[in-house]
1. Of the conditions (1) over 20 Å from residue 153 (Cα atoms); (2) surrounded by 13 or more Cβ atoms within 10 Å (Cβ to Cβ), residue 113 satisfies every one except a single condition; which number is it?
2. Test residue 275 against the stated conditions and say whether it is surrounded by 18 or more Cβ atoms within 10 Å (Cβ to Cβ) and out of contact with any Cys (no Cβ under 8 Å at 6 or more places or on another chain).
3. Mind telling me which of the residues 198, 219 ends up being in the same structural domain as residue 245 (by TED's automatic domain parsing), at pLDDT 95 or above and surrounded by fewer than 21 Cβ atoms within 10 Å (Cβ to Cβ)?
4. Right, residue 137: in contact (Cβ under 8 Å) with a residue 12 or more places away in the chain, aromatic (Phe, Trp, Tyr), surrounded by fewer than 22 Cβ atoms within 10 Å (Cβ to Cβ) and part of a strand (DSSP E or B) or not?
5. Looking at segment 81-134 only, could you name the residues that are assigned to a loop (DSSP other than H, G, I, E, B), within 18 Å of the chain's Cα centre (by Cα) and small (Gly, Ala, Ser)?
6. Looking at this structure, is residue 24 under 22 Å from the mean Cα position of the chain (by Cα) and either crowded, with 16+ Cβ neighbours inside 10 Å or in a helix (DSSP H, G or I) (or both)?
Amino acid sequence: MTLSLKDRLFVASQYIAPHHALSRLVGALAESEWGPLKRRFISTFAKHYQVNMEEAERPSLNDYRNFNDFFTRALTAEARTFPADTRTLCSPVDGSVSQAGAITDGRIIQAKQQSFTVTELLGGDAEQARRYKDGEFATLYLSPKDYHRIHMPCDGTLVRTTFVPGRLFSVNGTTAEAVPRLFARNERLVCEFDTERGRMVMVLVGAMIVASIETTWAGVVAPMRRQIQHQHYNNPKLTFKRGEEMGRFRLGSTVVMLFEPNALSWSKQVAPGETIILGQPLE
């Protein structure tokens, strides 16, 4: 891919921008409940990105207490459906497929001529990564206009989480092409589940001006110590049904899914550039 001058300048700015300071500033603005600010913020965003409010549980822009409340809005029960067969693996989000396919020799394709290792993605845990060495992956990108709650693609029991500190590069097609190991460099939360298909990982990847990553069991994930932190879940066990909400992004980013070998075969719709919606079968 040959980048335009504009794209090269954008990528260069990513290396010098104060990622976390900028994200904290935007996060504070997104939490503001001051009427004039929140109304302007929400209405400008909704118009610019053509957000479909007809499927929102609260369709009026005036019904949200702040921008984050709007951004993580719930949908109506009829807006998304899951197949009747509960064994069907489904998309956990609305978004688009960045990349998907086989994990080859422990490496995941990021973009043309760009890849990273499963070990890097999981925060350096080679033993955990070994499970997925020749498995399958899918990288799902959530654009600003998308629904930003993350749901379970299948039934599962949470085994452990790993918070991996890092940078907050913007996540889009340009940075995926130009920033080496993008998803293995950005701050992220690794969530590993036991499922009927074996182990499954869902990596929630942060990005520039993503105010926070949130889970339904632990709330906002924002450790004070900027170091890798593990949390194991043995007693009591946390189990989730397919379709149940498990997390959300306050401003958009990416979910990387990992499966062990022979767990599934991706459908033809799970291909780079394809749009997907929550509940859509992935196999």
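1. (2)
2. Considered against the rule, which asks whether it is surrounded by 18 or more Cβ atoms within 10 Å (Cβ to Cβ) and out of contact with any Cys (no Cβ under 8 Å at 6 or more places or on another chain), residue 275 comes out as no.
3. Exactly one residue qualifies, and that residue is 198.
4. Taking the combined requirement at face value, the residue does not satisfy it.
5. Listed by number, the residues that qualify are 91, 123.
6. So residue 24 passes the test.
The values are calculated or read from the model by the stated rules, or taken from the named source; none is laboratory data. Model, not experiment: these values are computed from the prediction. No Cβ is skipped: glycine too gets one built from the backbone with ideal geometry, and neighbour counts run over all protein chains shown.
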